[in-house]
Each structure stands twice: as structure tokens, then as C-alpha cells.
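Notes to accompany the following structure.
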Amino acid sequence: MKKLVSLGLLALFLFLAGCSEKIPEENTIAVDKKGVITYTVVEDFGKDFYDIEELRRDIEEEIENYNRNFGSDPLKLKTLEADEGKAVMQLEFSEARCYEEYYTDYSKATLFVGTLEEAEEAEYDLSGEFMGADGSLTDLSQISSSEKLYVLITNETLSIQVPGEIQCVSPSGSVAILGKQEAVVKEEVRQACIIYK
């Protein structure tokens, strides 16, 4: 009986370990199905110059001061780890209705996530050609179910993870599709777009 309980606990542990979220190895914006943004920052971390607990205190104080400006807690520290000369920090912007405002205010970078209609209302230009997931040039009118499409717009160089399947991206060569739900913005541009559904 003890052996069965031990095997059951081991199986449960392995299942839970397998379900844990993989932390990106490079700067990344990830959007989940609820619209919550997780911003991962990966930096060099020399132990001779930094103490991880001191860094954690500084970041938590900065976040506390930032949240105080809004009368709520739109930003929280999700993860802070240091290993093999790298520090990985994940920030979560949890108030979906205003996360673009919070993110932009915090990072001073552009971020928009929403429907095509919302992007147009916000005066983003989505006309012209896009690079389809198959590598061919397309425009938004050629994509079926265009009313169900979402767009992520940024001007930062980083990886992007979205909760739906990527249909097309900005065609200038600044954005590359890495997988069904992952792309990378390879160079800073005024407006890098990832269209997904």
C-alpha cells in the first residue's frame, strides 16, 4: 500500500512539475487568454556587483511606488531569479482593461493588444501588406474570419507570445514567426504588428 501511495505522490509531483509555466530565456511579452500581460526581462547578472535579495527589495519598492500612482495594483513581480550570470525578472500587468496604458507608462514603450476594430479606433494604421504564416504577402481582407482577428502592436525588440494562432506579421523583415503562437521583433520599428486569432 505504501508503495502505491509513494508512486501516486511521485506521479502527482511529476504532473505538477510538467504543468509549471516555462520561463522565457529572452526578453518577452506574453499575452494570456484573459489579456493579462507577462513581461519577462533577461539581463546579465554579476554576483560580484549585485545581491539578488537587494535587487528584489529595490524592484518591489519600485513596483509599490508605481502602483500607488493608480490606487490599485496593476503591476506585480511574478518571478525574480538569478543563475549562471543571468537575472530573469517577470512582471505581470494584471488589469486587462488598461494594461497597455500601465505597460507603456512603466516601460515607456508602445504596446497595444486588442481587436482590429479597437486598433483602428486607437488610430493604428493596419493597411497594406503583411507577411502570412506561410511566407506569402497578404492583406487583412484576404484572411478569413477577419472580424475575429486580434493584433499586438509594439515598437520593442523582443519575443512575443500570443494566446491564438498567428495569421500574419509586419512584412518589413523586422518580425519573424517562430511558431503558431510565437514571433520575434528583431529590430526596433515604429509599429511592429502580430495578427492572430
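The values are calculated or read from the model by the stated rules, or taken from the named source; none is laboratory data. All of these numbers come straight from a predicted model, not from anything done at the bench. We place every Cβ from the backbone using ideal geometry, glycine too, and count neighbours over all the protein chains shown.
Rundown of residues vs (1) in a loop (DSSP other than H, G, I, E, B); (2) of a type outside the set (Val, Ile, Thr); (3) over 16 Å from Ala109 (Cβ atoms), yes/no style:
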site: Ser141; (1), (2), (3): no, yes, yes
site: Glu156; (1), (2), (3): yes, yes, no
site: Ile160; (1), (2), (3): no, no, no
site: Pro163; (1), (2), (3): yes, yes, yes
site: Cys168; (1), (2), (3): no, yes, yes
site: Val184; (1), (2), (3): no, no, no
site: Ile195; (1), (2), (3): no, no, yes
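Is it fair to say Glu81 is part of a loop (DSSP other than H, G, I, E, B), within 26 Å of Glu64 (Cα to Cα) and either modelled with pLDDT of 85 or more or among the aliphatic types (A, V, I, L, M) (or both)? For Glu81, the condition - part of a loop (DSSP other than H, G, I, E, B), within 26 Å of Glu64 (Cα to Cα) and either modelled with pLDDT of 85 or more or among the aliphatic types (A, V, I, L, M) (or both) - is not met.
Out of Arg97, Arg57, I need the residue that is surrounded by fewer than 18 Cβ atoms within 10 Å (Cβ to Cβ), at pLDDT 90 or above and of a type in the set (Lys, Arg). Which one?
Every option except Arg57 fails the conditions.
Please work out which residue is modelled with the highest pLDDT, limiting yourself to the range 1-46 and to residues that are assigned to a loop (DSSP other than H, G, I, E, B) and farther than 16 Å from Pro163 by Cβ. Full working, then the answer.
So the first thing to find is which residues in the range 1-46 are assigned to a loop (DSSP other than H, G, I, E, B), and the list is 1, 20-27, 32-36, 45-46.
Narrowing the set further to residues that are farther than 16 Å from Pro163 by Cβ leaves 1, 20, 23, 25-27, 45-46.
On the way: Met1: 41, Ser20: 46, Ile23: 86, Glu25: 89, Glu26: 92, Asn27: 95, Phe45: 81, Gly46: 73.
For the range 1-46, the residue satisfying everything is Asn27.
Applying the set (1) closer than 20 Å to Gly35 by Cβ; (2) part of a helix (DSSP H, G or I); (3) not hydrophobic (A, V, I, L, M, F, W, C) to Gln90 leaves exactly one unmet item: (2). Of all residues in the range 147-160, those that are within 9 Å of Tyr196 (Cα to Cα) have Cβ atoms under 7 Å from Cβ atoms of residues that are in a loop (DSSP other than H, G, I, E, B), 6 or more apart or on another chain, in Lys148/Lys197; Leu149/Ile143; Leu149/Lys197; Tyr150/Gly164; Tyr150/Lys197; Val151/Leu126; Leu152/Val162. Taking the range 161-179 as the search range and keeping residues that are touching a residue at least 24 places away in the same chain (Cβ under 8 Å) and more than 21 Å from Arg190 (Cα to Cα), which one is nearest to the chain's Cα centre (by Cα)? Filtering first and then ranking leaves Pro163.
Can you name the residue in the range 108-139 that is touching a strand residue (DSSP E or B) at 6+ places or on another chain (Cβ under 7 Å) and assigned to a helix (DSSP H, G or I) and, of all such residues, is farthest from Glu187 (Cα to Cα)? Out of the qualifying residues, it is Leu116. A single entry from Ser144, Ser170 fulfils the requirement of being at negative phi, among the polar types (S, T, N, Q) and modelled with pLDDT of 90 or more: Ser170.
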